[in-house]
Structures are given as structure tokens and as C-alpha cells.
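Trainee: First the structure, then my questions, so here it is.
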Amino acid sequence: IAGGGGLLVVPALLLAGIPPTMMLGTNKCISAIGTLVSTTHYIVKGRMLWKVIIVGLPLTLIGSILGANMASHLDAGVIRSIVLIALPIAAIITLIPKSKSHTETPIIWQSWRLWVVVPLIALAMGGYDGVFGPGTGSFLVMALYGIARLNFLHSAAVARFFNLISNVGALVMFMWHGKVIYAVALPLAIAGMAGHYAGSHVAIR
């Protein structure tokens with residue numbers, strides 16, 4: 001519906017004793033596999049705005065790769081500090097009610113929002129997802145809804161696609177640096193797939 005679940009999974013992994021440097025990569029594996037399910041459902045139901053996807057995809061990927069590469073070299077203490085600061089902030093922002101006065105503004109190829117706003121959102125959120133991650137899906141929905149002026153369903157669909165791309169880009173880097181615990185990630189990813197399947201159906205209905 002609104003994200004990849006990192007706001008719940010990250011603290012759960014830390015409470016389970018997963019080292020911070022391994023937690024980021026493991027969470028990214030869980031999120032990438034689950035997000036694939038919801039993204040596919042939005043595509044099948046024809047809810048994607050492909051012009052927005054085409055413009056934002058490259059910058060989402062670049063941001064996530066650079067962010068994950070940086071995160072892979074951070075000290076465990078630094079990551080723990082980032083989590084303690086960013087997690088509650090992300091949770092609070094996610095819970096902020098959306099504006100009821102929202103008016104959708106159609107995006108056309110000549111729109112400045114398509115060539116300026118969308119790339120900035122994609123790069124910023126891709127970088128954040130690579131470095132940390134929790135709340136990225138919700139932030140994307142809010143940015144696409146409140147700044148790019150898409151309707152909620154289109155915002156949710158495009159956010160899923162961008163989130164999938166950033167997850168995959170970051171996951172490849174974490175795998176490259178050996179930061180994924182597959183024995184933990186894969187079973188949780190199966191549960192995540194079920195959640196993404198149910199959540200995307202609820203959003204569309």
C-alpha cells in the first residue's frame with residue numbers, strides 16, 4: 001500500500017541481533033523480492049504512468065547504487081546512529097495525514113514537473129533507499145502525490161516501481177560486498193511477498 005515494510009523489518013532485524021552492516025543488505029533483499037510482487041500487480045492492472053517511470057528510473061537506479069556503495073563501507077556504529085535518528089523521523093513523517101485539498105494535475109511530456117520534479121524525487125529517494133531505506137516507499141508516495149501532483153493510486157503504483165528499481169540496485173551492491181544473510185532474508189521475503197500481494201489488492205480496490 002505505502003512501502004516496502006522497512007519501518008517494521010529494520011528494528012525487528014536489529015532486535016534479533018543482526019549486525020547493522022548486515023541488517024541493511026538483508027532488509028534490502030526482503031524488500032526487493034516483496035516489492036516485485038506489488039509492482040507486478042500494479043502493472044497488470046494498468047496503473048503505471050510510464051512517462052514518469054521512463055524519466056525517473058535512471059536516476060533512481062543511480063542514486064540507490066551510489067547510496068548502497070557508501071553504506072557498505074560505513075562503520076557499524078555509524079549505521080546504528082543513522083538508524084536511531086532516521087527511523088523515528090521516517091515513522092513520524094509516514095503517519096502525517098495527507099492533504100485533503102489535493103488536486104491532481106495531469107503530467108504531459110512538456111511538463112516541467114516531469115523533467116525537473118520527478119528526476120529530483122527519484123534521485124533523492126534512490127539515494128536514501130541505498131543508504132538506509134525504511135520509509136522510502138511512503139516518502140515516494142507522498143512526494144509524487146503532494147509535489148508531482150499525481151493521484152494517490154498512480155502515486156502508489158509509480159512509487160512501487162521506483163522502489164523496486166532502487167531496491168534491486170542497492171541489493172546488487174550489498175550482495176557484491178557480502179552484506180546479505182540469505183538464511184534470514186529468503187524466508188522473510190516469502191512472508192513479504194504475501195503482504196505485498198494483499199496490500200496492492202487493497203490499494204487498487
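The values are calculated or read from the model by the stated rules, or taken from the named source; none is laboratory data. Note that the coordinates shown come from a computational prediction; the quantities given were computed from them, not determined experimentally. Here Cβ is always computed from backbone atoms with ideal geometry, including for glycine, and neighbour counts include all displayed protein chains. Keep in mind that these areas ignore ligands, DNA and RNA; they rest on the heavy atoms of the full protein, side chains included. Shrake-Rupley method; radii C 1.70, N 1.55, O 1.52, S 1.80 Å.
Trainee: Report every pair of residues separated by at least 6 positions or lying on different chains whose Cβ atoms are under 9 Å apart, first residue within region 179-195 and closer than 13 Å to Ser38 by Cβ, second open to solvent by 70 Å² or more (accessible area, probe 1.4 Å).
Mentor: Qualifying pairs under 9 Å: Met193/Leu36.
Trainee: Of the conditions (1) open to solvent by 40 Å² or more (accessible area, probe 1.4 Å); (2) not aliphatic (A, V, I, L, M); (3) not in a helix (DSSP H, G or I), Gly3 fails just one. Which one is it?
Mentor: Of everything listed in (1) open to solvent by 40 Å² or more (accessible area, probe 1.4 Å); (2) not aliphatic (A, V, I, L, M); (3) not in a helix (DSSP H, G or I), Gly3 misses just condition (1).
Trainee: Ok, one more. How about region 146-167: which of its residues are among the aromatic types (Phe, Trp, Tyr) and modelled with pLDDT under 90?
Mentor: Correct list: Phe152 only.
Trainee: Let me spell it out: the conditions are (1) of a type in the set (S, T, N, Q); (2) open to solvent by less than 30 Å² (accessible area, probe 1.4 Å); (3) touching a helix residue (DSSP H, G or I) at 6+ places or on another chain (Cβ under 8 Å), and Ser111 meets all of them except one. Which number is the exception?
Mentor: For Ser111, the exception is condition (3).
Trainee: May I ask you to list pairs of residues, at least six apart or on different chains, whose Cβ atoms are under 7 Å apart, with the first in region 2-27 being over 25 Å from Thr39 (Cα atoms) and the second being assigned to a loop (DSSP other than H, G, I, E, B) and open to solvent by 30 Å² or more (accessible area, probe 1.4 Å)?
Mentor: Note: pairs meeting the criteria are Ile18/Ile181; Thr21/Lys179; Met22/Lys179; Met22/Ile181.
Trainee: Another question about this same structure. Pick from Leu74, Leu66, Leu14, Leu59: which is assigned to a helix (DSSP H, G or I), at negative phi and modelled with pLDDT under 95?
Mentor: Unique residue meeting the criteria: Leu14.
Trainee: Considering region 175-205 alone, what residues qualify as being under 29 Å from Tyr145 (Cβ atoms) and of a type in the set (Phe, Trp, Tyr)?
Mentor: Result: Tyr197, single match.
Trainee: Now a separate question. For Gly56, which of the numbered conditions (1) surrounded by fewer than 19 Cβ atoms within 10 Å (Cβ to Cβ); (2) in contact with a Pro (Cβ under 7 Å, 6 or more places away or on another chain) fails to hold?
Mentor: Failing condition for Gly56: (1).
Trainee: Within region 140-159, track down each residue that is assigned to a helix (DSSP H, G or I), over 21 Å from Ile65 (Cα atoms) and touching a Leu at 6+ places or on another chain (Cβ under 8 Å).
Mentor: Leu144, His154, Ser155, Ala157
Trainee: Hey, another quick one. Can you name the condition, by its number, that Gly178 falls short on among (1) within 20 Å of Ile30 (Cα to Cα); (2) surrounded by 22 or more Cβ atoms within 10 Å (Cβ to Cβ)?
Mentor: (2)
Trainee: Hey, another quick one. Scan Gly126, Gly133, Gly137 and give me the residue that is part of a helix (DSSP H, G or I), at pLDDT below 90 and not polar (S, T, N, Q).
Mentor: Only one candidate qualifies: Gly137.
Trainee: Could you pull out the residue among Ala157, Ala185 that is more than 14 Å from Lys51 (Cα to Cα), among the small types (Gly, Ala, Ser) and open to solvent by less than 30 Å² (accessible area, probe 1.4 Å)? I'd like the intermediate steps shown before the answer.
Mentor: Working: Ala157 fails: more than 14 Å from Lys51 (Cα to Cα).
When all the criteria are applied, what remains is Ala185.
Trainee: Being within 29 Å of Met193 (Cβ to Cβ), at pLDDT 95 or above and under 17 Å from the mean Cα position of the chain (by Cα) is the requirement here; does Ser38 meet it?
Mentor: For Ser38, the condition - within 29 Å of Met193 (Cβ to Cβ), at pLDDT 95 or above and under 17 Å from the mean Cα position of the chain (by Cα) - is not met.
Trainee: Also: Do we have Thr94 as part of a helix (DSSP H, G or I), touching a Gly at 6+ places or on another chain (Cβ under 6 Å) and open to solvent by 30 Å² or more (accessible area, probe 1.4 Å) here?
Mentor: Considered against the rule, which asks whether it is part of a helix (DSSP H, G or I), touching a Gly at 6+ places or on another chain (Cβ under 6 Å) and open to solvent by 30 Å² or more (accessible area, probe 1.4 Å), Thr94 comes out as yes.
Trainee: If you go through region 139-151, how many residues are within 16 Å of the chain's Cα centre (by Cα), in contact (Cβ under 8 Å) with a residue 40 or more places away in the chain and surrounded by fewer than 24 Cβ atoms within 10 Å (Cβ to Cβ)?
Mentor: 3
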